[in-house]
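Asker: The structure is given below, and queries will be raised subsequently.
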Amino acid sequence: MTAPLKHSASVTVDVALGDRAYDIVIGRDVLASLGERVAALRPGVRTAIVTDRTVAKHWLEPAEASLAAAGVPTSRIVVEEGEGSKCYATLTQVSEALIAAKIERNDLVIALGGGVVGDLAGFAAAILRRGVDFVQVPTSLLAQVDSSVGGKTGINSPQGKNLIGAFHQPVLVIADTSVLDTLSPRQFRAGYAEVAKYGILGDEAFFAWLEENHGDIFTGGAGREHAIATSCRAKAEIVSRDERETGERALLNLGHTFGHALEAATGFSDRLFHGEGVSVGMVLAAEFSAQLGMISNDDATRIARHLSAVGLPTRLQDIAGFTQEGLADADALLALMAQDKKVKRGKLTFILLEAVGRAVIANNVEPQPVRDFLQAKLKA
Ligand SMILES: NC(=O)c1ccc[n+]([C@@H]2O[C@H](COP(=O)([O-])OP(=O)(O)OC[C@H]3O[C@@H](n4cnc5c(N)ncnc54)[C@H](O)[C@@H]3O)[C@@H](O)[C@H]2O)c1
Ligand SMILES: [Zn+2]
């Protein structure tokens with residue numbers, strides 16, 4: 001007899017980075033094992049948890065209780081929630097609080113929260129005493145499948161997103177899939193766009209599985225762990241081959257060149273969450289690829305159909321306030337893409353698709369065809 005699938009069983013994904021390798025532990029209620037795991041990794045360590053106010057309300061006490069039960073001393077640093085906290089002022093606040101909490105060279109910073117907290121706390125750890133190790137406890141779907149894995153940390157400059165930062169890999173990632181139950185449905189959906197991204201860019205079978213099983217991911221069935229583990233495995237494999245994004249890691253930017261321009265055009269506001277911009281961006285990338293004759297129209301339609309089935313925006317016209325200044329203007333969108341990090345000497349870099357599950361990096365894309373394509377989409 002085969003044993004039934006144990007819902008509570010955890011999955012460990014290994015990020016193979018030589019002497020900086022680490023585990024991502026994924027499963028329901030794994031937050032309860034945080035203290036035990038930290039104590040095993042670093043006997044005698046002192047910790048400080050960095051979190052935001054919303055996450056603190058739900059998950060700070062369970063995290064602290066787990067550390068206390070394992071005899072790990074900890075202190076808390078709570079910042080405002082939201083992208084605004086990825087700034088110099090909050091970095092100062094966190095850094096000073098870490099020093100005041102006597103976090104020393106061999107201690108650990110614990111980032112408990114979404115991508116904002118992970119990026120901010122990870123960067124604070126990277127520069128504190130020239131580098132203190134940190135643990136990621138991602139609490140948003142986006143953070144569990146994307147930002148907590150791979151070691152990119154940082155804050156925003158008034159001149160642009162993520163312009164101040166460092167590569168600093170965590171020493172452990174604890175992704176408790178039950179903490180996602182308190183995430184707003186809209187935030188959950190936005191994170192799902194990044195899950196679908198892994199299928200679209202490199203794994204057709206996973207995409208087909210998502211088409212069948214997405215309901216289970218949203219309701220918190222065993223499919224959720226499978227989707228998160230598959231996503232983490234995909235990211236871990238790419239990152240371990242190209243940690244510093246000199247090549248293949250750029251594939252993870254599928255949908256992001258269009259998406260970032262849309263986020264910028266909507267002022268990085270609640271009108272469009274990052275994952276929502278990525279959803280529209282992936283559909284645009286697929287349709288642009290189809291126009292170039294790289295992918296079939298059917299495949300492009302298949303991608304849009306799935307993202308739309310889970311309730312994600314897929315068209316420019318789906319974005320709140322579409323007709324407001326900036327969004328309905330192909331030149332303005334192109335200008336925003338040209339400011340992106342992915343531009344070299346006037347040519348754009350896009351991640352394009354040859355099929356569902358097969359993305360390619362296209363350097364040297366001329367701006368004019370992109371402009372014409374956007375113009376046509378805006379009229380559609
Ligand atoms: N480092 C990377 O590789 C990387 C990759 C992708 C994105 N990012 C960054 O991640 C950030 C976006 O991450 P995000 O979408 O997680 O945003 P976020 O951290 O702002 O979280 C979204 C919202 O959900 C709340 N929240 C988080 N977990 C919750 C929970 N379990 N219950 C209730 N509320 C919860 C937060 O308080 C916040 O209000 C951006 O700054 C982006 O630049 C980084
Ligand atoms: Zn993203």
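Asker: Within the stretch 68-86, is even one residue open to solvent by less than 10 Å² (accessible area, probe 1.4 Å), assigned to a helix (DSSP H, G or I) and at pLDDT 95 or above?
Answerer: yes
Asker: For the stretch 163-179, indicate whether the set of residues that are of a type in the set (S, T, N, Q), surrounded by fewer than 22 Cβ atoms within 10 Å (Cβ to Cβ) and in a helix (DSSP H, G or I) is non-empty.
Answerer: Yes, there is a match, as at least one residue in the stretch 163-179 is of a type in the set (S, T, N, Q), surrounded by fewer than 22 Cβ atoms within 10 Å (Cβ to Cβ) and in a helix (DSSP H, G or I).
Asker: Here's a follow-up. Restricting attention to the stretch 324-353, and to residues there that are open to solvent by 70 Å² or more (accessible area, probe 1.4 Å) and more than 22 Å from residue 378 (Cβ to Cβ), which single residue is modelled with the lowest pLDDT?
Answerer: 341
Asker: Run down 113, 44 and say which single residue is on the phi > 0 side of the Ramachandran plot and open to solvent by less than 20 Å² (accessible area, probe 1.4 Å).
Answerer: Going through 113, 44 in turn, just one is on the phi > 0 side of the Ramachandran plot and open to solvent by less than 20 Å² (accessible area, probe 1.4 Å): 113.
Asker: Run down 250, 208, 196, 234 and say which single residue is open to solvent by less than 10 Å² (accessible area, probe 1.4 Å) and either assigned by TED's automatic domain parsing to the domain that holds residue 286 or not β-branched (Val, Ile, Thr) (or both).
Answerer: 196
Asker: Search the stretch 192-209 for residues that are outside any helix (DSSP H, G or I) and pair each with any residue that is more than 16 Å from ligand 2 (Cβ to nearest atom) when their beta-carbon atoms are under 7 Å apart and the residues are at least 6 apart or on different chains.
Answerer: Close Cβ pairs satisfying both conditions: 203/357.
Asker: Based on this model, can you work out whether residue 114 counts as in contact (Cβ under 8 Å) with a residue 60 or more places away in the chain, in contact with a Ser or Thr (Cβ under 7 Å, 6 or more places away or on another chain) and under 27 Å from residue 181 (Cβ atoms)?
Answerer: Against the criterion (in contact (Cβ under 8 Å) with a residue 60 or more places away in the chain, in contact with a Ser or Thr (Cβ under 7 Å, 6 or more places away or on another chain) and under 27 Å from residue 181 (Cβ atoms)), residue 114 qualifies.
Asker: Which residue is least open to solvent (accessible area, probe 1.4 Å), if the candidates are limited to the stretch 264-322 and must be part of a loop (DSSP other than H, G, I, E, B) and closer than 21 Å to residue 366 by Cα?
Answerer: Ranking the qualifying residues of the stretch 264-322, first place goes to 295.
Asker: Looking at 122, 150, 113, which one is within 19 Å of residue 24 (Cβ to Cβ), near ligand 1 (Cβ under 7 Å from one of its atoms) and either among the charged types (D, E, K, R) or modelled with pLDDT of 95 or more (or both)?
Answerer: 113
Asker: If the requirement is being β-branched (Val, Ile, Thr) and either within 16 Å of ligand 2 (Cβ to nearest atom) or open to solvent by 20 Å² or more (accessible area, probe 1.4 Å) (or both), which of these qualifies: 149, 135?
Answerer: On inspection, the qualifying residue turns out to be 149.
The values are calculated or read from the model by the stated rules, or taken from the named source; none is laboratory data. Remember, it's a predicted structure, so these values are computed and weren't measured experimentally. Here Cβ is always computed from backbone atoms with ideal geometry, including for glycine, and neighbour counts include all displayed protein chains. Accessible surface areas use protein heavy atoms only, side chains included; no ligands, DNA or RNA. Shrake-Rupley method; radii C 1.70, N 1.55, O 1.52, S 1.80 Å.
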